[in-house]
1. How would you order 106-116, 168-178 from highest to lowest mean count of nearby Cβ atoms within 10 Å?
2. Would you please give the FRET efficiency between Leu698 and Asn39, computed as 1/(1 + (r/R0)^6) with r the Cβ-Cβ distance and R0 = 56 Å, to the nearest 0.05?
3. In the chain, which cysteines lack any other cysteine Cβ under 4.7 Å from their own?
4. I need to check one value: relative contact order of the range 383-490, counting alpha carbon pairs closer than 8 Å and at least 6 residues apart, in percent.
5. Could you give me the ³J(HN,Hα) list for the range 208-218, computed from phi with Karplus coefficients 6.51, -1.76, 1.60 and θ = phi - 60°, whole Hz, x at Gly and Pro?
6. Kindly identify the range 1-110 as rounded, prolate or oblate by the Cα gyration tensor criterion: order the square roots of the eigenvalues as a ≥ b ≥ c, call it rounded if a/c is under 1.5, otherwise compare a/b with b/c, prolate if a/b is larger, else oblate.
7. Among rounded, prolate and oblate, which fits the range 59-200 when a ≥ b ≥ c are the square roots of the eigenvalues of its C-alpha gyration tensor, a/c under 1.5 means rounded, and a/b larger than b/c means prolate?
8. List the residues, sorted by chain then number, that are 5 or more residues from Glu525 or on another chain and whose placed amide H is less than 5 Å from its amide H.
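Values in this text are rule-based calculations from the coordinates and carry no lab data. Just so you know, these numbers come straight off a predicted model, no measurement behind them. Here the Cβ positions follow ideal geometry from the backbone for every residue, glycine too, while neighbour counts run over all protein chains shown.
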Amino acid sequence: MAIYIDEQKKLFTLSTNNTSYQMMADKYLVLNHLYYGENIGQEDMSYLLDYQDRGFSGNPYEAGNERDYSLDSRPQEYSTNGVGDYRINSVSVINADGSDAADWRYVGYTTSKGKYAIPGMPALYGEEKDADTLIVELADKVTGLHAFLYYSVWEERDIITRCVKFVNQGTDAIVLTKAASMNLDLMSGDWELMHFHGRHNLERQMERVPLMRGKMTVESVRGASSHQHNPFAILCSKDTTEEAGPCYGTALVYSGNFSIEAEKDQMGQTRLTAGINSQRFSWTLEAGAEFWTPEAVMTYSSEGFEKMSSNFHHTFREHLCRGKYKHERRPVLINNWEATYFDFDKEKILNIAKGASELGVEMLVLDDGWFGKREGDVSGLGDWYVNTDKLEGGLKPIADGINAMGMKFGLWFEPECISEDSDLYRAHPDWAIQIPGRQPNRSRYQLILDMGREDVRDHLYERMTAILDSANIEYVKWDMNRHISDVYSAVLPKERQGEASHRYMLGLYDLLERLVSRYPDLLLEGCSGGGGRFDLGMLYYSPQIWCSDDTDAVERLSVQYGTSFCYPISAVGSHVSAVPNHQTGRITPVETRGTVAMAGSFGYELDLNLLSDGEKEEVKEQIKTFKKYYNLTHEGEYYRLTNPMENRLYAAWEFVSQDQSEALVHGMQILAQPSGPSIHIPVRGLKADAMYEVNGELVRSGRALMHGGLNFPRQTGDFKAVEFYLKEVK
Ligand code: GLA
């Protein structure tokens with residue numbers, strides 16, 4: 001067991017190979033957080049609790065004259081509300097008497113082997129040997145609201161997962177208005193916050209800022225985790241680098257409204273919380289009812305960001321992604337979106353497939369426009385019936401035609417959305433989210449279905465299975481092209497409207513689960529206008545997610561860089577598209593586009609028939625290269641060698657095999673510089689004493705390559721790809 005309990009002291013230590021996490025219920029049964037960091041064995045860290053009488057930081061009644069005991073300065077394991085801690089609350093409630101107090105006191109604990117599961121929600125999974133679980137029970141004695149803090153400790157992976165189950169054991173209804181998944185109080189340290197912001201066409205841009213006195217929040221209230229902020233953040237010290245220094249990574253397994261809040265308090269202590277956003281959230285707990293928060297995943301690394309990312313990457317590949325394609329190489333695909341947009345018919349698609357199959361592409365994905373009255377983006381969403389004007393005979397002939405070329409066939413859906421100009425909307429206007437008596441906000445002309453409704457989900461399940469059973473469809477791209485506003489559910493009473501956003505997510509997860517259970521071999525790719533729902537919740541169902549609608553190779557450098565801090569390479573949908581690029585107008589060589597796209601689930605997004613013969617040859621080679629290096633890029637360790645947020649001249653990244661005998665360094669000379677300085681790129685993760693052959697020529701020691709570096713070639717011309725393959729010479 002990775003969980004050590006001192007019953008006498010009510011001291012709980014969660015221990016992983018390299019980290020320790022400790023909490024203790026004190027004499028007033030308040031659960032104090034004592035420590036999270038480098039492994040300290042079973043040392044009792046409560047000696048760190050060193051407090052003074054602070055004016056305006058009050059004292060719990062039972063502390064009597066003990067004026068140095070204050071909830072306002074004690075590190076809390078799961079912070080209270082309204083009873084004297086003025087910092088970020090983990091929870092807020094409306095009690096039967098209208099008060100908002102939740103005063104957590106320790107009740108007891110249980111432990112078990114293996115990982116807990118969360119009913120109806122995505123979460124990490126594992127066998128008994130993979131994790132141990134501790135459940136600590138807290139209660140508000142007055143109302144009878146109990147909070148069960150769940151922890152699974154992944155000893156080998158340096159990971160701790162958390163969630164909270166609330167149970168109303170009182171006699172009156174209680175309304176939850178905030179319910180964080182985790183709270184982390186750090187008594188010391190001067191921390192910076194790293195987070196990943198963006199917009200449509202430029203997601204997950206890394207920003208690193210010192211915590212200010214006060215609160216800082218990254219969040220979404222858009223009904224999706226969003227392009228604008230990602231449900232993942234890092235606390236690190238000022239001097240933490242890729243290779244050294246402390247950092248805490250926290251990621252939510254959730255795809256809806258979230259907030260991650262950080263506060264530096266009056267004493268300079270830090271609190272971090274993460275969970276469902278309390279805006280647009282309330283949940284009524286009748287007597288006896290329970291509520292589960294989404295899961296939060298935490299890791300601590302004392303060896304910089306690369307160790308933190310490595311902990312996450314391996315854990316998510318092994319214990320979050322599911323299905324046939326968890327480790328199996330996914331087919332190299334061609335998607336017709338940028339090649340045709342809505343303007344296609346069967347012949348055009350078969351022609352694109354044919355050209356692609358001759359170059360080694362393994363699957364064609366038919367994107368938006370194959371159904372209903374869908375000539376553009378103003379109509380048709382919701383009518384999941386094949387448009388036989390475009391695709392004569394339905395999907396079977398096209399799927400069969402593509403299969404006959406030796407390729408798989410995949411299909412785009414946007415199940416959650418609905419056009420007002422659709423038969424579905426005409427039949428069921430109340431299925432769309434809108435507030436009675438108000439004109440809804442439209443986005444891309446469309447509305448969104450209330451996924452919290454069972455009838456909506458049943459209808460979508462019936463339509464999608466009918467389509468998926470009608471032809472040999474082996475892949476689905478699941479899109480969602482707007483954010484939610486005008487939140488209202490026609491099936492909820494007025495006092496429960498605050499539940500609509502979370503019920504939407506539970507409904508979405510329910511439909512996804514039904515589909516992946518029925519089609520266990522189906523490959524799902526998540527998408528939301530590119531990477532607008534790039535989160536661990538979706539990754540549980542779709543092992544890859546379209547990273548960004550911006551397919552420009554230069555723009556992708558910072559998007560994929562930011563994405564890599566939390567998410568594994570296998571999760572990143574990344575394609576070679578046409579030039580001039582449709583988003584930026586930039587012209588980059590096909591080789592460069594391929595090099596960037598190989599750091600992900602690889603594919604094409606153009607009509608390959610339009611390439612020159614020379615370029616076609618390059619594509620052939622590219623696909624061979626992708627396959628040749630697949631084990632390295634997808635199963636190896638990933639290293640960020642440069643930071644494209646700072647360095648606008650060149651970029652480099654590296655993959656190293658688990659046995660460290662091989663490495664692939666990819667990069668780009670972004671802008672050429674005449675008579676520029678020499679550039680040396682120190683690589684990482686090699687065996688210092690081993691000798692490596694670089695691109696089949698020069699032989700150098702791992703030590704030299706890691707400390708001196710590789711000579712980055714200077715070339716004339718912008719956007720030039722760079723590749724080094726390193727192989728150990730035995
Ligand atoms: C979104 C996706 C694109 C494409 C279009 C189709 O924007 O991100 O890849 O599928 O929708 O409408």
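1. On the way: 106-116: 15.9, 168-178: 18.2.
With the highest mean Cβ count within 10 Å placed first, the list reads 168-178, 106-116.
2. Plugging the Cβ-Cβ distance into 1/(1 + (r/R0)^6) gives 0.90.
3. Among the cysteines of the chain, those whose Cβ sits 4.7 Å or more from every other are Cys163, Cys321, Cys417, Cys527, Cys547, Cys566.
4. Computed over the range 383-490, the figure is 40 percent.
5. Once θ is set to phi - 60°, the couplings for the range 208-218 become 10, 9, x, 5, 9, 5, x, 10, 10, 10, 10 Hz.
6. Prolate, since a/c reaches 1.5 and a/b exceeds b/c.
7. Judged from the Cα gyration tensor, the range 59-200 comes out prolate (a/c at least 1.5, a/b above b/c).
8. Here the answer is Val476, Lys477, Trp478, since their amide H atoms fall under 5 Å of that of Glu525.
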